[in-house]
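Single-structure report; data block below.
The values are calculated or read from the model by the stated rules, or taken from the named source; none is laboratory data. Quick caveat: nothing in here was measured; it's all calculated off a predicted structure. Using ideal geometry, Cβ is built from the backbone for each residue, glycine included, and neighbour counts are taken over all protein chains shown.
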Amino acid sequence: MTEPFIESEMLGATRWTSAAICDLVDENKGSIDPRIYTDEQLYQLELERIFGRAWLCVAHEAQIPNAGDFFSTYMGEDPVLVVRQVDMSVKVLLNQCRHRGMKLCRADLGNAKVFSCSYHGWSYAINGDLIRVPREEEGYKNKLIKSDWGAIEVAAVELYHGLIFATWDPQAPSLKTYLGDAAYYLDTFLSRHDGGTEIIGGVTKWVVKANWKFAAEQFASDMYHAPLSHLSATLAAMPEGTSVSKAEWKGTGYHVRTHQGGHGTGFFSAPTEAAQMENIQILFGWMGEDASKYYYTQAAENLRQRRGDAPLVINGAHMTIFPNLSFLPAIQTLRVWQPRGPNEIEVWAVTIVDKAAPQAAKEQWRLGNIRTFSAGGVFEQDDGENWVMIQDVLRGYRARKTALNTSMGQGFAKPHEHYPGIVGDVFSEEAARGLYSHWAKMLTTDKWATLYD
Ligand code: FES
Ligand SMILES: [Fe+2]
């Protein structure tokens, strides 16, 4: 019997079957079918089954400190408002007026007593209740039941180290279950001090003409490109005459695929003081002396004391929380890859720092991120150009039929005595295989239990 096409809320029956989707990302062969980056129907399925169900990072607490503060963002392509309530809890509301669908709030952020639609004037309290309808008496003869027409609210909101996550799916597991092994690394990266983290400045936004998964996968899994793609920019930031070998991170590298959930991270951990000194020089060149000294000494020591297990001095790390939250510890850029169709990403990036860091270090991270990982940053250009050029190649009929290779490190990753997850060598594509395998599972199953057993 032929397998039925997948029933999609948005598309009716699509031309994709579960088996065909799972075949796109073949873990055994270590291959990917490039249509995952270009197919419009797969993209619509992603909006419904991944962005419509997953825990998504929508803001940092520091962006909405006071009652009435709001931050306007997206969950997939759905616009949402993240709003601090009077009792200081956080609500996440669909940014869509219930009358004719106008964007309810058009500001990027601010403080509001009500959200008043600019089309016909329906007004909503900051908790989403519809509280005022112009001409309610003469137009609606007082028959409109306003309590039925409040702003739509997400199913759940949870906080983790200052990051605010939301999901549309009432069946979604708890955020802790969703993060799984990734929680250990988030704790390492974002909880060095009791004071937690803060955001410096605003959100930098720009468009990259490529599929969102190129970016999510690279930050989850790809240390491989860094010594080559970023070599010239790294050397340019170091003293004149620095040799190529000095521009690579030293020490033992680890690469982590979480057991469940499609998250990934990788990092170098310098085992000796000498190796650590070389690593400091790299971060020094990228960010500056105060930031690198703070990161490798004070912050690392603090982390050791807080955790007690003392295993990690993390250098040069990358991370993605599935599907589209990525972070570079030490560089301290945190970003959401907002999908905009199969061929485009809107990148929303912030610089995140320990509140306890010295002011001089914070300022170096602010400036360092502008130079390196931002709309005009040198490393960002390296990455963006790679992704855009692949997307461009995939316009070709023959190119879209040509399988891509994801086999690096296959069979060599395994559980580790210190580090949670499936751990391999730093140069591996284990986390990419995990991300795509989870992607296929989310597209093809309605049951969270089969994703998080
Ligand atoms: S669309 Fe908002 S009031 Fe009409
Ligand atoms: Fe990169």
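Of note:
- Which listed residue, of Ser269, Ser221, is crowded, with 18+ Cβ neighbours inside 10 Å, farther than 30 Å from Ile345 by Cα and more than 16 Å from ligand 1 (Cβ to nearest atom): Ser269
- The set of residues in the range 231-254 that are among the polar types (S, T, N, Q), away from ligand 2 (no atom under 16 Å from the Cβ) and part of a helix (DSSP H, G or I) contains only Ser245.
- Scanning the range 140-158 turns up no residue that is in contact (Cβ under 8 Å) with a residue 60 or more places away in the chain, within 26 Å of Gly434 (Cα to Cα), of a type in the set (A, V, I, L, M) and out of contact with any strand residue (DSSP E or B) (no Cβ under 7 Å at 6 or more places or on another chain).
Here is a yes/no grid of residues against (1) outside the structural domain of Val378 (by TED's automatic domain parsing); (2) basic (Lys, Arg); (3) under 30 Å from Tyr37 (Cα atoms); (4) under 18 Å from the mean Cα position of the chain (by Cα):
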position	(1), (2), (3), (4)
Leu190	no, no, no, yes
Gly195	no, no, no, no
Trp206	no, no, yes, yes
Gln218	no, no, yes, yes
Pro239	no, no, no, no
Thr242	no, no, no, no
Glu248	no, no, no, no
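- Unique residue being away from ligand 1 (no atom under 16 Å from the Cβ) and in contact with an Asp or Glu (Cβ under 9 Å, 6 or more places away or on another chain) when the list is Val244, Val207: Val207
- Inclusion of Ile164 among residues that are under 22 Å from the mean Cα position of the chain (by Cα), in contact (Cβ under 8 Å) with a residue 12 or more places away in the chain and surrounded by 16 or more Cβ atoms within 10 Å (Cβ to Cβ) is warranted.
- Filter pass, Arg307 being surrounded by fewer than 23 Cβ atoms within 10 Å (Cβ to Cβ), in the same structural domain as Glu429 (by TED's automatic domain parsing) and over 29 Å from Gly262 (Cα atoms): no
- Of the criteria (1) among the polar types (S, T, N, Q); (2) over 28 Å from Gly180 (Cα atoms); (3) over 24 Å from the mean Cα position of the chain (by Cα), which one Asn343 fails: (3)
- Annotation note: of Lys103, Lys29, Lys91, the sole residue that is at pLDDT below 95 and more than 16 Å from ligand 2 (Cβ to nearest atom) is Lys29.
So that you can scan it fast, the table gives a plain yes or no per residue for (1) polar (S, T, N, Q); (2) farther than 21 Å from His255 by Cα; (3) more than 16 Å from ligand 1 (Cβ to nearest atom):
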{"site": "Gln338", "(1), (2), (3)": "yes, yes, yes"}
{"site": "Glu344", "(1), (2), (3)": "no, yes, yes"}
{"site": "Ala349", "(1), (2), (3)": "no, yes, yes"}
{"site": "Asp354", "(1), (2), (3)": "no, yes, yes"}
{"site": "Gly368", "(1), (2), (3)": "no, yes, yes"}
{"site": "Lys401", "(1), (2), (3)": "no, yes, yes"}
{"site": "Val423", "(1), (2), (3)": "no, no, yes"}
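- Neighbours by Cβ (under 6 Å, 6+ apart or cross-chain): first from the range 359-373, hydroxyl-bearing (Ser, Thr, Tyr); second crowded, with 20+ Cβ neighbours inside 10 Å: Thr372/Trp286; Thr372/Phe379
- Where Trp212 falls short, out of the listed (1) touching a strand residue (DSSP E or B) at 6+ places or on another chain (Cβ under 7 Å); (2) under 19 Å from Pro420 (Cβ atoms); (3) surrounded by 20 or more Cβ atoms within 10 Å (Cβ to Cβ): (2)
- Some residue of the range 4-22 being under 24 Å from the mean Cα position of the chain (by Cα) and closer than 30 Å to Trp387 by Cβ: yes
- Filtered by the rule that a residue be touching a helix residue (DSSP H, G or I) at 6+ places or on another chain (Cβ under 6 Å) and either of a type in the set (Ser, Thr, Tyr) or without any contact (Cβ under 8 Å) to a residue 12 or more places away in the chain (or both), the range 193-207 gives a lone residue, Thr197.
- Checklist (1) touching a strand residue (DSSP E or B) at 6+ places or on another chain (Cβ under 9 Å); (2) at pLDDT 95 or above applied to Ala13, failing item: (2)
- As for the range 320-335, it holds no residue that is surrounded by fewer than 19 Cβ atoms within 10 Å (Cβ to Cβ) and more than 16 Å from ligand 1 (Cβ to nearest atom).
- The residues listed here are Leu56, Leu47, Leu130; of these, the one that is touching a residue at least 40 places away in the same chain (Cβ under 8 Å) and crowded, with 20+ Cβ neighbours inside 10 Å is Leu56.
- Note on the range 63-88: among residues that are surrounded by fewer than 17 Cβ atoms within 10 Å (Cβ to Cβ) and over 17 Å from the mean Cα position of the chain (by Cα), the one that is nearest to Ser326 (Cα to Cα) is Pro65.
- Identity of the residue in the range 94-117, among the aliphatic types (A, V, I, L, M), within 14 Å of ligand 1 (Cβ to nearest atom) and surrounded by 17 or more Cβ atoms within 10 Å (Cβ to Cβ), that ends up nearest to Pro339 (Cα to Cα): Leu94
- Matching residues, the range 215-230, being of a type outside the set (Gly, Ala, Ser), within 11 Å of ligand 2 (Cβ to nearest atom) and assigned to a helix (DSSP H, G or I): Gln218, Phe219, Pro227, Leu228
- Residues of the range 377-411 that are in contact with a Ser or Thr (Cβ under 7 Å, 6 or more places away or on another chain) and of a type in the set (A, V, I, L, M, F, W, C): Val378, Phe379, Leu394, Ala403, Leu404, Met408.
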